[in-house]
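Following: one structure in structure tokens, then a few remarks.
The values are calculated or read from the model by the stated rules, or taken from the named source; none is laboratory data. Predicted, not measured: the structure shown is a model, and the values here were computed from it. Methodologically, a virtual Cβ is constructed for each residue, glycine included, from the backbone with ideal geometry; neighbour enumeration extends over all protein chains shown.
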């Protein structure tokens, strides 16, 4: 059993945003598809906390990822105001909130995978980098397969979930950004993460 307190503050903030996100979203079915990882994943972390408490870094990254998902779920990724602001500010051809989501899909799970692998398997830094990156690429590919299945099952009804915005290379961009995020997270946060893991 762990004496580390559960992360009520960051997860409580996410819960407030989840309530806002759930109220009158742009598309209810898309909301469920986009928000499900956050609304299921974070409560599961709380339930399993006594058996596997996470570092402070991992907890806050989970909260940030959940916020990205919930905002995207409320507006749909292609219609998120932040994405339109970025599009206008940088003269982009499309709303890039989806790209931010896929960058986060590599950046944040890389630290989570690194934490599980480092604590359970006691791997060295090189193997942690390699296997955590592999996990993120596999997770990204799985998500693209889910999007493909949604497109086959729902046809045009899946457009809001897919958020391809007419880009034929959207799938490849999504996986490349997940790879970039995974490598960036480990390069930028690896030493901080190691210090927090050493205190566990």
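Summary of values
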quantity	calculated
Pick from segment 136-157, criterion surrounded by 13 or more Cβ atoms within 10 Å (Cβ to Cβ) and more than 20 Å from the chain's Cα centre (by Cα), ranking: modelled with the lowest pLDDT	157
Which listed residue is touching a residue at least 12 places away in the same chain (Cβ under 8 Å) and more than 26 Å from residue 114 (Cα to Cα), from 74, 65	74
Options 120, 51: the member that is surrounded by fewer than 18 Cβ atoms within 10 Å (Cβ to Cβ) and in a loop (DSSP other than H, G, I, E, B)	51
Residue in segment 63-70 that is over 15 Å from the mean Cα position of the chain (by Cα), within 25 Å of residue 172 (Cβ to Cβ) and part of a helix (DSSP H, G or I) present	no
Whichever residue in segment 117-135 is farther than 17 Å from residue 175 by Cβ and in contact (Cβ under 8 Å) with a residue 40 or more places away in the chain and, among such residues, is farthest from the chain's Cα centre (by Cα)	125
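Condition check ((1) in contact with a strand residue (DSSP E or B) (Cβ under 6 Å, 6 or more places away or on another chain); (2) farther than 19 Å from residue 140 by Cβ; (3) part of a helix (DSSP H, G or I); (4) modelled with pLDDT under 95) across all residues:
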position	(1), (2), (3), (4)
61	no, no, yes, no
74	no, yes, yes, no
85	no, yes, yes, yes
100	no, no, yes, yes
110	no, no, yes, no
